[in-house]
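Working notes, structure below.
The values are calculated or read from the model by the stated rules, or taken from the named source; none is laboratory data. What you see is a predicted model; the values in this text were computed from it and never measured. Counting neighbours? That spans all protein chains shown, and the Cβs are built from the backbone with ideal geometry, glycine included. Surface accessibility is based on the protein's heavy atoms, side chains included, excluding ligands, DNA and RNA. Shrake-Rupley method; radii C 1.70, N 1.55, O 1.52, S 1.80 Å.
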Amino acid sequence: MARPAVMLRQASSLVAFEQQLPEKVRLSAELIWSSDGWIELSYGILMPASGGIGDLVLPDGLIDGVQPAGQRRDHLWETTCCEAFLAIPGDENYWEINLSPNGDWAVYRFDRYRDGQRNQELDSPPVIRLKRRHHQLRLDARLPLSSWWPAGLCPDMSLTAVLEEKTLGVSHWALRHDQDKADFHRRSTFLKP
């Protein structure tokens, strides 16, 4: 069976907005957009300090592998969460994808900047896989977009994450930041195909 053609691939390091973080924390993210209407997202978190990923606030009951109990949930971005933002080039509409390490997820559609938010229905829920080591966490997700995304159109996009550390609180990670506060919804921070 032939693998679907890759229409867009973006792999990047993410940078924190906050300055008070331990200097060796690293985040990377990758997006693969396939011609079959699926998107694959991968996030790697490296925390070389002695507490490793144990310093992160994470949901209870995590297992390595596919997270079978994930459900659609709101407010995932208030704690450790991997995110992606997708937009139709030249249009005000955009979508926010939230992925929790325990398999919980949300996809929202916006009519314009932070306005008109509503749940985006999916043909099937994302498949979220987790892999942990003492100093590393990797989250991989695959989700269908073909029922609501125009075929053959590559998005403007941004890869982002929120990390909550037990002692330092919440930090905001993105490809880039352009204001005096972290704001993942700003289209000026999206990459264009």
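With the structure loaded, tell me whether Leu130 is farther than 19 Å from Met7 by Cβ, touching a strand residue (DSSP E or B) at 6+ places or on another chain (Cβ under 8 Å) and open to solvent by less than 60 Å² (accessible area, probe 1.4 Å) or whether it fails that test. Considered against the rule, which asks whether it is farther than 19 Å from Met7 by Cβ, touching a strand residue (DSSP E or B) at 6+ places or on another chain (Cβ under 8 Å) and open to solvent by less than 60 Å² (accessible area, probe 1.4 Å), Leu130 comes out as yes.
Scanning the stretch 62-76 for residues that are in contact with a Ser or Thr (Cβ under 9 Å, 6 or more places away or on another chain) and either open to solvent by 70 Å² or more (accessible area, probe 1.4 Å) or among the small types (Gly, Ala, Ser) (or both) gives Gly70, Arg73. Assigned to a strand (DSSP E or B) and open to solvent by 10 Å² or more (accessible area, probe 1.4 Å), is that true of His172? Yes; evaluated as a whole, the condition is true for this residue. Of all the residues in the stretch 156-173, those that are touching a strand residue (DSSP E or B) at 6+ places or on another chain (Cβ under 9 Å) and under 19 Å from Ile53 (Cα atoms) number 11. For the stretch 133-143, the candidate set comprises residues that are charged (D, E, K, R) and touching a strand residue (DSSP E or B) at 6+ places or on another chain (Cβ under 8 Å); within that set, the residue that is most open to solvent (accessible area, probe 1.4 Å) is Arg138.
Could you list, in sequence order, the residues of the stretch 23-48 that are without any contact (Cβ under 8 Å) to a residue 60 or more places away in the chain and either on the phi > 0 side of the Ramachandran plot or surrounded by 14 or more Cβ atoms within 10 Å (Cβ to Cβ) (or both)?
If the condition is that a residue be without any contact (Cβ under 8 Å) to a residue 60 or more places away in the chain and either on the phi > 0 side of the Ramachandran plot or surrounded by 14 or more Cβ atoms within 10 Å (Cβ to Cβ) (or both), then Arg26, Ser28, Ile32, Ser34 are the ones that fit.
Answer with yes or no whether Leu14 is within 23 Å of Leu191 (Cβ to Cβ) and not acidic (Asp, Glu). Break it down into steps so the answer makes sense when it comes.
Values: within 23 Å of Leu191 (Cβ to Cβ): yes; not acidic (Asp, Glu): yes.
Yes: the conditions hold for Leu14.
Restricting the search to the stretch 177-190, which residues are touching a strand residue (DSSP E or B) at 6+ places or on another chain (Cβ under 8 Å) and open to solvent by 50 Å² or more (accessible area, probe 1.4 Å)? Walk me through it before giving the result.
Here is the first cut: in the stretch 177-190, the residues touching a strand residue (DSSP E or B) at 6+ places or on another chain (Cβ under 8 Å) are 177, 182, 184-185, 187, 189-190.
Matches in the stretch 177-190: His177, Arg187.
Could you list all residues from the stretch 178-193 that are part of a loop (DSSP other than H, G, I, E, B) and closer than 17 Å to Gln10 by Cβ? Walk me through how you get there before you give the answer.
Just the residues of the stretch 178-193 that are part of a loop (DSSP other than H, G, I, E, B), to begin with: 178-186, 190, 192-193.
Result: Phe184, Phe190, Lys192, Pro193.
What residue, among those in the stretch 83-127 that are in contact (Cβ under 8 Å) with a residue 40 or more places away in the chain, over 11 Å from the mean Cα position of the chain (by Cα) and within 21 Å of Leu8 (Cα to Cα), is surrounded by the fewest Cβ atoms within 10 Å (Cβ to Cβ)? Steps first, please.
So the first thing to find is which residues in the stretch 83-127 are in contact (Cβ under 8 Å) with a residue 40 or more places away in the chain, and the list is 83-89, 94, 96-97, 99-102, 104, 110, 113-114, 119, 125-127.
Subsequent filtering for residues that are over 11 Å from the mean Cα position of the chain (by Cα) retains 87-89, 94, 102, 104, 110, 113-114, 119, 125-127.
Imposing the further condition that a residue be within 21 Å of Leu8 (Cα to Cα) reduces the set to 87-89, 94, 126-127.
Working: Ala87: 18, Ile88: 15, Pro89: 11, Tyr94: 23, Pro126: 23, Val127: 18.
Within the stretch 83-127, the match that is surrounded by the fewest Cβ atoms within 10 Å (Cβ to Cβ) is Pro89.
It is to be established whether one or more residues within the stretch 149-169 are under 16 Å from Leu41 (Cα atoms) and touching a Lys or Arg at 6+ places or on another chain (Cβ under 8 Å). The answer is yes, given that some residue of the stretch 149-169 is under 16 Å from Leu41 (Cα atoms) and touching a Lys or Arg at 6+ places or on another chain (Cβ under 8 Å).
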